[in-house]
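What follows is a single structure, written as structure tokens, with notes after it.
Read-outs throughout are calculated quantities, based only on the coordinates presented, and are distinct from any laboratory measurement. Not measured: the values here are computed from a predicted model. Cβ placement follows ideal geometry from the backbone for every residue including glycine, while neighbour counts extend to all protein chains displayed.
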Amino acid sequence: MKNPVGWCQSQVGGLLHRARRWRRAERAYAAAFRRLPADPDLAFRLGVVRHRLGDLEGARDAYSAALDAGAPDPLACLRRRARVHELLGDRESRVRDLEAVLAGGGREPEVMRALAGLYAKTDRLPEAVALLDRCADAAPEELAQARRRAEYLCRLGAWPRALRLYETLLEAHGGDHTLQYDAAMAAERVATVPFHHDGEGFAATDPVLRAEALERAIALMGRVAEDPERVWAPFRLGRFYEAAGRGAEAAAAYQSAWDRAEAADKSWSEHQMALWAFRRDYASRTGLEADDRLAITVGPGPEPVALGSAAGHCAVTVGNFGLAVNGFLFHGRASTVTLHLDGEPVVTTSVNPARWRPEFQVLLKHPVAATLGPQTTLAVTCGGETVAIGDMAASVVLDNPRGSGTFGDLRAKGYTVNKKGQWSTPAAADVTGAVAAYAKFRDFLEDELGRKAFVLYGTLLGTRRNGRIIPGDDDFDIALLSEGDGPEEAKADSMAVMRACLAHGFDVGVGFEGRPFNLRIDGHVIDVNPVWFHQGRAWAFNSHDLRPEHFAPVATGELEGAEVYVPADADAFLAENYGPDWLLPRSDFKYFRSDATVRTIRRTQLVLSEVRAIRAYAEELRLASPEAGTFYGWVERTVPVA
């Protein structure tokens, strides 16, 4: 017989529950549950009320108790516990609950879609696609659901299937430019990757289908590019034309993209305009006499690689940065990718082998590419396996008729190619010049503007670890506290400091996509990170859970034997940015910036018209005073080589 007191308490809880008196109902249910711990219905109701109150851990435990006690409707209990696990951020437990719902006979489309989304987030793409296929077989798909399935098919590598699905959607929604864009991108992958996932594994794609897909990609992207508000569409169209060997049409498309980027007047405009102008000239083969970069070409090597022997696939292209190797690995391969030049390993980058098709990029910037000889063989490997290039070539041949051929000599002197594709100076090189350049700016800022310039990020890390610049770190990072309270105010303050630097004689530039700002002093480039405060956080290259007192008043440290300023609580900054083990060197550190963080920081970046205004100001200064600095805008920095 049930405990009578517990039974009475559960009845009181039920009355309070129906009256929506959640707090009192929870107390009554909890008291009853202590007397009736094996009552599954009582445990379930306790979980519902705790869930309503926001006591997520308590709700989880109550739902678990209900399941352990034999809940009369276990699927309902599992669904609710899955929702609690979602709110708790426990993805693995939520997956187990939803899998149990399906195993128990639950067939609700929303459960299958939710589980498919979780599978996709954890790179279980085959299972995600299978679930969405089941949903599509059970009932007609809405547009958003079908597009999601097409997206997962592309991520899986089933590009022909994705393209067929997009074509079906276009029959009903032919005027949707976003749908046309996505379909064109799927068609481009069918055309440029010589294999696809067929549901069982990767298999070769029919060459006829590939040729047809490229023409379809051109047609679809051409429609999208008709919209003058679409800035990126003509660039994509240009790439498709290049792949089809239609250079003149590619050049015209790139020029259209350039014009639209200029009209957009965004922080990314100058960067993209440089990229698209290079592609225009490369596709049209104009400007060869003036630009050595345009003379570099890439062709397939003599040996093919079988699909079954390949570790992945990549493409090698020439761009305004230099040589770019972009590709992906098959699931479960090794965690590193190595680029080889004439059989010698040159650059290694890390990938996450747990991803379904982990993507990678390896760069050789033009200052490095310019040192190659007239002809160089380039290959890519992963864990000793060959990564196929283009149409399944084991290597490509770089023709660089104007290359200096000094690559090997520089490597013999101790120069290395770093993860950014740039030359890094030998470990024994003198790095005091960069510290002296910092000292010049520090003294100017303090004497003329009454402000402090302190080291930050990787430069601060080296200062606190051992008083040395970290080997291979080619960025000299410093900071100053902005006098602006928000992103727009911080940008205005940065521009004022930039103008003061130009007037003093320092050369000034901007970072990637207009990020303020950097200086060139005595041949050394210094990255200046304005630190500003917004929404209770500190902001610079990233957002930090730090306050003004962590930065000011500045303290002093020693770097390469010279005194430098450091933040007031340097160790707090380093722990927040690099983790509690910041004293231990690690090669796999990568920054993560959320979309919201990037959007906020982008508000501090100079748009094209502001970059041009600073450039005009610098030119006026130099007309009046040749000692004034120059504004070099955004350019790829290089390491001087001997």
Query raised in the report: For the pair Gln535 and Lys420, how long in nm is the line joining their label points, each one 7 Å along Cα→Cβ?
Result: 2.8 nm
Query - Pairs beyond 23 Å (Cα-Cα), from Lys419/Lys590; Lys121/Lys590; Lys266/Lys419; Lys420/Lys590; Lys365/Lys590; Lys266/Lys491 - result: Lys266/Lys419
Query raised in the report: From the list [x] 1.16; [y] 1.00; [z] 1.11, can you say which value of Cα Rg over 2.2 N^0.38 Å was derived from the structure given?
Result: [x]
Report task. Using R₀ = 30 Å, calculate the FRET efficiency as 1/(1 + (r/R₀)^6) where r is the Cβ-Cβ separation of Ala38 and Ala354; round to 0.05. Result -> 0.15
Query raised in the report: Between Ala203 and Asp473, what is the spin-label point distance in nm, taking each point 7 Å from the Cα along the Cα→C-beta axis?
Result: 5.2 nm
Query - FRET efficiency, 1/(1 + (r/R0)^6) with R0 60 Å, evaluated for Asn3 and Ala264 via beta carbons - result: 0.25
Query raised in the report: For the chain, what does -39500 (n - 2.57) per DSSP helix run (n ≥ 4), summed and divided by total residues, give at 222 nm, in deg cm²/dmol to the nearest 500?
Result: -15500 deg cm²/dmol
Requested in this report: Between Ala211 and Ala552, take the C-beta separation as r, use R0 = 60 Å, and let me know the FRET efficiency to the nearest 0.05.
Outcome: 0.40
Requested in this report: Any chance you could run the full-extension gain for Thr297 through Arg21? It's 0.36 nm times the residue separation minus the Cα-Cα distance, nm to one decimal.
Outcome: 91.9 nm
Query raised in the report: Where in region 22-48 is the amide nitrogen less than 16 Å from a point lying 7 Å along the Cα-to-Cβ axis of Leu87?
Result: 22-27, 44-48
Report summary line: For Ser404, placing the label point 7 angstrom along Cα-to-beta-carbon and taking region 365-379, residues whose amide nitrogen sits under 11 Å are 367-372
Report task. Report the full-extension gain for the segment Arg602 to Arg52: residue separation times 0.36 nm, less the Cα-Cα distance, to one decimal in nm. Result -> 194.1 nm
Report summary line: Note on the chain: contact order normalised by length, alpha-carbon pairs under 8 Å, 6 or more apart, percent, works out to 8 percent
Requested in this report: Please name which of Pro580, Gly484, Ala552 has its Cα lying farthest along the dipole of region 470-595 towards the positive end, using unit charges on Cβ (Lys, Arg +1; Asp, Glu -1) and the Cα centre as origin.
Outcome: Gly484
